[in-house]
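The values are calculated or read from the model by the stated rules, or taken from the named source; none is laboratory data. The structure displayed is predicted, hence computed values, not measured ones. Positions of Cβ are generated from backbone atoms using ideal geometry, with glycine treated the same way; all protein chains shown enter the neighbour counts. Remember, those area values only see protein heavy atoms, side chains included, never the ligands or the DNA or RNA. Shrake-Rupley method; radii C 1.70, N 1.55, O 1.52, S 1.80 Å.
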Amino acid sequence: AELGVERRFVPESCPRAVRPGDFVRYHYLGAFPDGTRFDSSYDRGSTFNVFVGKGQLIAGMDQALVGMCVNERRFVKIPPNLAYGTEGVPGVIPPNAVLHFDVLLIDLWNLEDDVQVQTYFKPEKCPRTVQVSDFVRYHYNGTFLDGTLFDSSHNRMRTYDTYVGIGWLIPGMDQGLLGMCVGEKRIITIPPFLAYGEDGDGKEIPGQASLVFDVILLDLHNPKDGIAIENQLVPESCERRSQTGDFLRYHYNGTLLDGTLFDSSYSRNRTYDTYVGKGYVIAGMDEGLLGVCTGEKRRIIIPPHLGYGEEGRGKIPGSAVLVFDIHVVDFHNPSDSVSITVHYKPSNCTVLSKKGDYLKYHYNASLLDGTLLDSTHSLGKTYNIVLGSGQVVLGMDMGLQDMCVGERRTVVIPPHLGYGEDGVEGEVPGSAVLVFDIELLELVSGLPEGYMFVWNGEVSPNLFEEIDQNHDGEVLLEEFSEYIQTQVDTGKGKLAPGFDFEKIVKNMFTNQDRDGNGKVTAEEFKLKDQEAKEEHDEL
């Protein structure tokens, strides 16, 4: 005569129990006391869905369901006066039948319910939260209230990407994602009337099902976003900032908004080198690299419409916000020339270096970021060159012009006047701006341009005969070399400084040996001024 309820399984966690007016979804087996089954929701492959306490059930079941938790299992004995009474159900339940039900509660909600949000992890830093019309990328596990998994973005190994608050999602998810931070994890519980309603989705989700989404937000932006720049380190001295058309060398770490690393120039041990503002890099980076100083470190946050868009690229997923932490190593413009800064000039500075002079100088060579490349001080000896002879890079030839002994200067050389795009393997990176701190220690004046040897006095009218010591009418290289050496030793002549004696003499002899037979005759022999008169152009 009384209702009997046996709680055969009660879950450890029971955040909510059935109350009159709630809507429930449950499975059941219905049997008579002798064990004969008369009904089963399992046989139909769908739960029994009904409001509790509104007369939609037999009175005994209305009472037996109150207080149940999701995933709780109850064995219920219902007397006939709380079931189908003296009439029964023709062909199914006889009159005055006691009914036994084995009930498992699957789902529970109320028409007054709203979306429930439980945040179980939130990053310390949350500079921005999801707002209506934002575009988000997130991973999720979707389950029913009893824990049954119906969908997972993790299984597909691809985030779910969508706009929020404009109807692309079920209303409950639209609401549940608002206010989230990138990196935040939350559980969003959605009643069916804010999900897929009475009909479900026609596939995995049945009608009237509450949905539980375990969500981690990976990315967030708005189509109206521009790039964001966070300055991390700006040098105290910044004489020049990058402009459109400049060529930059910089290091970077590229990550997604959740911190996932997708690329790094450091791992390749090579800077990324590119023009700025010319479309050689993604639009957001083109913009973010403007206005930087050499040595500056900054973070550039780029929305996908200024990055790799909906398609992504390589390790970069579609619609991903990109974060670049960059360090500017150097930059220049193709129109740049050599820059010279004089730090010290002696008061007596009358003799200035010019093309052809032989120079001895000390230098420290570094990159624009201060990285030392080379130093003559560490070698303990000067660097010696003939100015303008191509023994150094063009920019150094230019930077050493008009310098006096004792002067100290800094010469900044752009790569097109230095070692170019290729650099020097293992020593100078490609496209590197070079900085030389120079001190000129010695200057030996060179000869007029085009001359390798000049006389200090009058030239003998019988010059050929003096060189032709055996008077056979022919001068050999040995005779020529011995004669020139004597003139230099006695101070009667001067060779171009800084060059190898034998090479100069051989060059002079070859110029005179016009038929190339290894001998110079009187007819072939001509001085420089005689060649000019005859409109010859020889070195």
- Per-residue ³J(HN,Hα) for region 410-421, Karplus 6.51 cos²θ - 1.76 cosθ + 1.60, θ = phi - 60°, Hz, x for Gly and Pro: 10, 10, 9, 10, x, x, 6, 10, x, 9, x, 5
- The Rg/Rh figure for region 116-221, Cα atoms and Kirkwood Rh, to two decimals is 0.95
- Query: Thinking of region 453-532 as a set of Cα atoms, what percent of all their pairs are more than 16 Å apart?
  - Reply: 50
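Keeping all protein chains in place and using 1.4 angstrom, which order do Leu441, Leu256 fall into by accessible surface area, from largest down? Mind showing how you got there, number by number?
On the way: Leu441 75, Leu256 20 Å².
Solvent-accessible surface, decreasing: Leu441, Leu256.
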- Task: Specify the angular offset, from 0 to 90 degrees and rounded to the nearest 10, of the alpha carbon long axis of helix 477-489 from the longest principal axis of the alpha carbons in the chain.
- Result: 80
- Calculate for the chain the 222 nm mean residue ellipticity that helices alone would give, adding -39,500 (n - 2.57) per DSSP H run of length 4 or more and normalising by residue count, nearest 500 deg cm²/dmol. -3500 deg cm²/dmol
- Do you know the relative contact order of region 228-332, to the nearest whole percent, from alpha carbon pairs under 8 angstrom that are 6+ apart? 37
- Item | Cut-off under 5 Å, modelled amide H: who pairs with Ser152 long-range | Gly142
- Query: Ranked from the most accessible area to the least, with a 1.4 Å probe and all protein chains present, what is the order of His471, His332?
  - Reply: His471, His332
- Query: Arg299: accessible area at probe 1.4 Å, nearest 10 Å²?
  - Reply: 80
- Item | Rounded to the nearest 10 Å², the accessible area of Glu502 at probe 1.4 Å | 140
- Task: Taking a cut-off of 25 Å between Cα atoms, list the lysines near Lys494, but don't count ones fewer than 8 places away on the same chain.
- Result: Lys354, Lys355, Lys360, Lys503, Lys506, Lys519, Lys526, Lys528, Lys533
- Summing Lys, Arg as +1 and Asp, Glu as -1, what charge do residues with Cβ under 12 Å from the Cβ of Asp357 carry, Asp357 excluded? -1
- Residue by residue through region 496-504, the couplings from Karplus 6.51 cos²θ - 1.76 cosθ + 1.60 with θ = phi - 60°, in Hz, x for Gly and Pro, are 4, x, x, 10, 5, 4, 4, 5, 4
- Residue by residue, what Karplus-based ³J(HN,Hα) values in Hz, rounded to whole numbers, does region 462-469 have, using 6.51, -1.76 and 1.60 with θ = phi - 60° and x for Gly and Pro? 10, 4, 4, 5, 5, 6, 7, 5
- Item | Pairwise centroid distance, computed over Cα atoms, of region 232-252 with region 83-97, Å | 88
- If you rank Met180, Met452 by how much accessible surface each has, with a 1.4 Å probe, what is the order from largest down? Met452, Met180
- Item | Formal net charge of residues neighbouring Val505 (Cβ-Cβ distance under 13 Å; K, R +1; D, E -1) | -4
- Taking Cα centroids, how far is region 484-530 from region 166-196 in Å? 92
- Ordered by packing density, taken as the mean number of other Cβ atoms within 10 Å over each peptide's residues, highest first, how do 33-40, 188-195 rank? 188-195, 33-40
- Query: What is the chain's relative contact order, in percent, from Cα pairs under 8 angstrom and six or more apart in sequence?
  - Reply: 8
